[in-house]
Amino acid sequence: MQIFNTEGSCARAFMNRSFVTIADHSREKIEYLIRMAQEFERHPNRLLLQGRVVATLFFEPSTRTRLSFETAANRLGARVIGFADPKVTSGTKGETLKDTIMMVSNYADVIVMRHYLEGAARYASEIAPVPIINAGDGANQHPSQTMLDLYTINQTQGTLDNLNIYLVGDLKYGRTVHSLLMAMRHFNPTFHFIAPDELAMPEPYKQYCSEHGIRYVEHQDFDADVIAGADILYMTRVQRERFTDLMEYERVKDRYLLKLDMLSKARDNMRILHPLPRVNEIEYAIDDDPHAYYFQQARNGLYARQAIICDSLGITLEDIMEDRTII
Amino acid sequence: MDMTTNSQLHTTPLPTREGQGGGSRSLIVSALDHGTVIDHIPCDRLFEVINLLHLDQMTSKVTIGFNLKSHKMGTKSIIKIADRFFTDEELNQLSVVAPNVTLVIIRDYEVVEKRPVVLPDELHGIVHCDNPKCITNNEPMATHFHVVDKQQGIIRCHYCNHEQDIKNVKLV
Ligand SMILES: [Zn+2]
């Protein structure tokens with residue numbers, strides 16, 4: 001842990017410690033955070049953050065993400081302050097984001113924020129004297145989800161390199177699949193896109209693949225033969241409200257449901273991931289199948305977020321390895 | 001403000017002393033001994049440039065040539081402004097409204113600088129983000145764009161990552 005002498009360098013150093021997007025992270029940084037999360041998986045309960053205050057500011061409700069971050073902070077001994085519902089904050093009285101962030105910076109050592117506006121976390125990270133962790137900013141980024149996805153892929157495959165990753169469902173609006181695609185560019189993946197025409201992977205992301213030497217294949221069918229090539233089957237929700245043509249929705253909705261018999265030719269190492277909540281895109285019968293991994297994936301969110309919080313506070317992997325506060 | 005709308009105006013700025021021996025009438029109108037010439041302005045951008053630089057409020061002499069012949073562009077416009085030099089910020093704004101104009105700075109009859117005004121790598125507080133859900137449109141703050149493709153004129157919002165075409169941008 002570093003101690004900074006002057007206020008200026010302290011503020012600058014903390015600004016750089018913010019976790020706003022994963023797209024900028026190097027392979028080394030991603031692997032470093034995975035190593036950290038592995039330590040937390042071994043020993044999640046510690047007093048490493050005793051005496052620290054973590055703020056969780058949810059300008060848009062997201063119970064799942066908030067519980068995961070708050071659990072991560074609590075299991076490391078930090079105190080948590082914040083709000084879960086924007087209706088109780090003064091933002092509705094016209095207070096600017098800046099004012100809220102500056103006020104909370106006086107109380108907390110790190111701010112976890114979710115906001116409905118795109119770029120809100122980036123802006124907060126530029127003005128706040130404490131690090132900002134982006135827990136989702138509108139349709140833009142949700143980097144802690146990507147971090148837990150990477151952690152889970154590594155955990156199930158023993159590596160992030162040279163994998164066949166199948167993305168299924170809403171590839172147009174699904175920010176998790178976009179972030180995952182960009183973060184995987186360091187690891188020589190082959191992506192497979194399986195989506196209805198209306199929700200196909202947008203052209204800029206295909207271009208991104210071409211520019212970064214990422215191979216991708218687009219499939220029309222979603223069946224046992226296609227799934228046979230997958231190491232990771234990443235399912236997302238196909239939401240009715242995304243369709244301009246509801247007839248089209250009715251026509252395609254069942255085509256992207258994963259059923260147990262579709263796993264008949266799957267590789268042993270293949271694992272099914274889903275950012276949750278699931279509605280009906282994965283048949284419940286699959287939950288007991290050894291390929292199902294979405295609940296473990298959600299649990300990994302805890303370890304990934306413990307790593308993200310500690311890294312933003314300047315706690316190093318070395319600090320964690322030498323940590324004597326394990327409960 | 002002199003307004004000349006045909007090719008009687010000299011299109012290259014000759015720093016000739018006004019009324020000096022033998023200069024033609026057109027040369028006298030166009031000559032600038034101290035100030036700024038903005039050349040190669042696309043004709044459809046001329047009035048935006050006039051508005052941007054607040055030339056209508058200028059008290060010094062301003063000469064504007066419109067629909068002039070140009071080898072490079074077919075037709076072009078040119079503005080000559082006496083006794084006025086622009087800041088980098090103003091030139092950055094100019095590069096957004098009219099990409100690749102030529103800037104000529106004349107001081108005491110000498111051309112001291114002649115260069116194209118290209119888009120900078122970053123645009124701070126110059127243009128609006130076209131994404132209504134962008135933080136910059138909902139918070140009192142300056143916008144910030146990265147110029148990702150100078151040739152195509154593509155800029156990306158530093159905050160929300162939306163890309164837009166420089167031709168369609170609105171100035172702040
Ligand atoms: Zn924006």
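Before we move on, is A:LEU47 over 21 Å from the mean Cα position of the chain (by Cα), within 16 Å of the ligand (Cβ to nearest atom) and in the same structural domain as A:GLN306 (by TED's automatic domain parsing)?
no
Could you pull out the residue among A:ASP161, A:ASP170, A:ASP221 that is among the acidic types (Asp, Glu) and open to solvent by less than 10 Å² (accessible area, probe 1.4 Å)?
Only one candidate qualifies: A:ASP170.
Can you confirm whether A:HIS178 is in a helix (DSSP H, G or I) and modelled with pLDDT of 95 or more?
no
Tell me which residues, restricted to the stretch B:117-160, are hydrophobic (A, V, I, L, M, F, W, C), over 30 Å from B:ALA31 (Cβ atoms) and more than 13 Å from chain A (Cβ to nearest Cβ).
B:LEU119, B:LEU123, B:ILE126, B:VAL127, B:VAL147, B:ILE155 - these are the residues of the stretch B:117-160 that are hydrophobic (A, V, I, L, M, F, W, C), over 30 Å from B:ALA31 (Cβ atoms) and more than 13 Å from chain A (Cβ to nearest Cβ).
Pick from B:LYS114, B:LYS69, B:LYS76, B:LYS61: which is more than 24 Å from B:ASN168 (Cα to Cα), within 16 Å of the chain's Cα centre (by Cα) and away from chain A (no Cβ under 14 Å)?
Step by step, each of B:LYS114, B:LYS69, B:LYS76, B:LYS61 is checked, and only B:LYS114 is more than 24 Å from B:ASN168 (Cα to Cα), within 16 Å of the chain's Cα centre (by Cα) and away from chain A (no Cβ under 14 Å).
Quickly run through the stretch A:110-132 and pick out the residues that are within 22 Å of the chain's Cα centre (by Cα), more than 11 Å from chain B (Cβ to nearest Cβ) and open to solvent by 20 Å² or more (accessible area, probe 1.4 Å).
A:ARG114
Return the residues of the stretch B:77-115 that are of a type in the set (Lys, Arg) and either in contact with a Gly (Cβ under 6 Å, 6 or more places away or on another chain) or open to solvent by 10 Å² or more (accessible area, probe 1.4 Å) (or both); say none if nothing qualifies.
Selection gives B:ARG84, B:ARG107, B:LYS114, B:ARG115.
From the list B:PRO120, B:PRO140, B:PRO132, pick out the single residue that is away from the ligand (no atom under 13 Å from the Cβ) and more than 18 Å from the chain's Cα centre (by Cα).
Residue meeting the stated conditions: B:PRO140.
Can you list the helices (runs of 4 or more DSSP H) found entirely within the stretch A:226-327 that contain at least 1 residues being closer than 22 Å to A:LEU150 by Cβ?
In the stretch A:226-327, the matching helices (runs of 4 or more DSSP H) lie at A:294-312, A:317-321.
Inspect the stretch A:219-231 for any residue being within 27 Å of A:HIS25 (Cα to Cα) and outside the structural domain of A:LEU67 (by TED's automatic domain parsing) and give the result as yes or no.
Yes, the stretch A:219-231 has at least one match.
Consider B:TYR109 against the criteria (1) more than 16 Å from the ligand (Cβ to nearest atom); (2) farther than 21 Å from B:HIS54 by Cβ; (3) at pLDDT 95 or above: it satisfies all of them except one. Which criterion is unmet?
Among (1) more than 16 Å from the ligand (Cβ to nearest atom); (2) farther than 21 Å from B:HIS54 by Cβ; (3) at pLDDT 95 or above, the lone unmet condition for B:TYR109 is (3).
The values are calculated or read from the model by the stated rules, or taken from the named source; none is laboratory data. Since the structure is predicted, the reported quantities are computational estimates derived from the model, not experimental observations. Neighbour counts are summed over all protein chains in view; Cβ atoms, including those assigned to glycine, are modelled from backbone coordinates with ideal geometry. These area figures cover heavy atoms from the full protein model, side chains too; ligands, DNA and RNA do not enter into them. Shrake-Rupley method; radii C 1.70, N 1.55, O 1.52, S 1.80 Å.
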